[in-house]
Amino acid sequence: MEKIDVIILTNNEEDVIADAIISARGWAENIFVIDAGSTDRTVEIARKNGAQVIENKFKDFSDQRNFAIKKAKSSWVLYLDADERLTEDFKKELSKQLNSDDAGGYIVKRKTYYFGRDWGFEDEVARVFKVCEFDKWTGVVHETAHTKGELKTINSPILHFTHRNLEQMLKKTNNWSNYEAKLRYDAKHPKMHGWRFLRVMCSEFCRSYFGQKGYKNGTYGFIESIYQAYSIFITYAKLWEMQKKSGN
């Protein structure tokens with residue numbers, strides 16, 4: 001029987017960490033919470049719910065994930081975000097696959113919830129890896145996993161409760177936009193002008209409202225799509241600020 005450890009990266013996730021741990025508890029061999037310095041009750045709640053908490057100063061997301069996999073004790077690891085939940089169908093399917101094929105890892109489907117509502121679409125992320133065949137994560141924000149083995153897909157989705165309320169959304173945007181803006185700045189992004197802001201904001205609204213079918217969710221969908229446009233505006237406004245300070 002193949003064993004698997006679950007790894008959860010945290011930083012002030014007191015409102016969601018318990019449910020993430022509970023969804024893996026009794027199935028995973030070990031649950032590791034790698035905390036980047038939470039100032040709320042995240043660490044206390046994680047320990048109370050049976051997770052092994054390891055504190056590690058945050059550098060970037062790839063560095064945190066690479067640190068985490070070195071703590072694994074089982075043959076396999078599954079990276080779970082604090083706002084995600086494993087389902088019984090997912091756990092059954094993954095357990096069956098781990099013991100029946102020779103994959104080096106698995107791509108996981110996520111059913112997305114905004115404001116607690118099923119948004120009607122899924123995305124896919126590489127999250128399960130055989131430790132002995134895993135190489136490393138690269139990328140500051142949108143991390144990419146590098147592994148020697150073939151990646152297969154688990155069809156039963158996990159649940160992703162992103163954008164739970166406006167306060168949480170604003171905090172997330174402010175944090176992530178710093179990294180996103182720096183990536184664009186380091187890549188020598190063209191100088192920002194008014195029309196560039198309008199283009200990226202319109203594109204992001206259309207991606208959310210039409211591409212991800214936010215229009216099917218009424219006012220919720222409209223608010224989420226407007227927010228996505230606002231979020232990308234903040235990223236590019238910070239890029240503009242960096243360019244201005246450097247004289248570009």
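The values are calculated or read from the model by the stated rules, or taken from the named source; none is laboratory data. All of these numbers come straight from a predicted model, not from anything done at the bench. As a convention, Cβ positions derive from the backbone with ideal geometry for all residues, glycine included, and neighbour counts pool all protein chains shown. Accessible surface areas use protein heavy atoms only, side chains included; no ligands, DNA or RNA. Shrake-Rupley method; radii C 1.70, N 1.55, O 1.52, S 1.80 Å.
Structure data summary
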read-out	value
Test: residue in the stretch 86-94 that is within 17 Å of PHE32 (Cβ to Cβ) and within 16 Å of the chain's Cα centre (by Cα)	yes
Yes/no for VAL140 being in a loop (DSSP other than H, G, I, E, B), farther than 18 Å from LYS111 by Cα and in contact with a Phe, Trp or Tyr (Cβ under 7 Å, 6 or more places away or on another chain)	yes
Residue count for the stretch 88-136, restricted to those that are in contact with a His (Cβ under 6 Å, 6 or more places away or on another chain) and not hydroxyl-bearing (Ser, Thr, Tyr)	3
Out of LYS59, LYS71, sole residue that is open to solvent by 20 Å² or more (accessible area, probe 1.4 Å), basic (Lys, Arg) and more than 17 Å from VAL6 (Cα to Cα)	LYS59
Test for LYS238: is it within 27 Å of PHE61 (Cβ to Cβ) and surrounded by fewer than 17 Cβ atoms within 10 Å (Cβ to Cβ)	no
Any hit, the stretch 92-103, residues being crowded, with 20+ Cβ neighbours inside 10 Å and out of contact with any strand residue (DSSP E or B) (no Cβ under 7 Å at 6 or more places or on another chain)	no
Residue match in the stretch 147-157 (condition: exposed (fewer than 15 other Cβ atoms within 10 Å of the Cβ), over 22 Å from PHE90 (Cβ atoms) and without any contact (Cβ under 8 Å) to a residue 40 or more places away in the chain)	no
Residues that are in a loop (DSSP other than H, G, I, E, B) and within 13 Å of the chain's Cα centre (by Cα), drawn from the stretch 61-81	LEU80, ASP81
Residue ID - nearest to the chain's Cα centre (by Cα), chosen from residues in the stretch 28-46 that are more than 19 Å from PHE67 (Cβ to Cβ) and in a helix (DSSP H, G or I)	ILE45
Residue that is modelled with the highest pLDDT, among those in the stretch 185-229 that are over 30 Å from MET242 (Cα atoms), touching a helix residue (DSSP H, G or I) at 6+ places or on another chain (Cβ under 9 Å) and polar (S, T, N, Q)	ASN217
All positions within the stretch 1-27 that are assigned to a loop (DSSP other than H, G, I, E, B), within 18 Å of HIS160 (Cβ to Cβ) and open to solvent by 10 Å² or more (accessible area, probe 1.4 Å)	ASN11, GLU13, ASP15
Considering residues of the stretch 29-82 that are in contact (Cβ under 8 Å) with a residue 60 or more places away in the chain and among the β-branched types (Val, Ile, Thr) only, the residue farthest from LEU94 (Cα to Cα)	ILE69
Of all residues in the stretch 112-137 being part of a strand (DSSP E or B), of a type outside the set (A, V, I, L, M, F, W, C) and in contact with a Phe, Trp or Tyr (Cβ under 8 Å, 6 or more places away or on another chain), the one that is surrounded by the fewest Cβ atoms within 10 Å (Cβ to Cβ)	ARG117
Selected residue [open to solvent by 50 Å² or more (accessible area, probe 1.4 Å), in contact (Cβ under 8 Å) with a residue 12 or more places away in the chain and touching a strand residue (DSSP E or B) at 6+ places or on another chain (Cβ under 8 Å)] from LYS182, LYS191, LYS216	LYS216
Checking PHE115 against (1) more than 23 Å from ASN155 (Cβ to Cβ); (2) modelled with pLDDT of 95 or more; (3) not aliphatic (A, V, I, L, M), the condition it does not meet	(2)
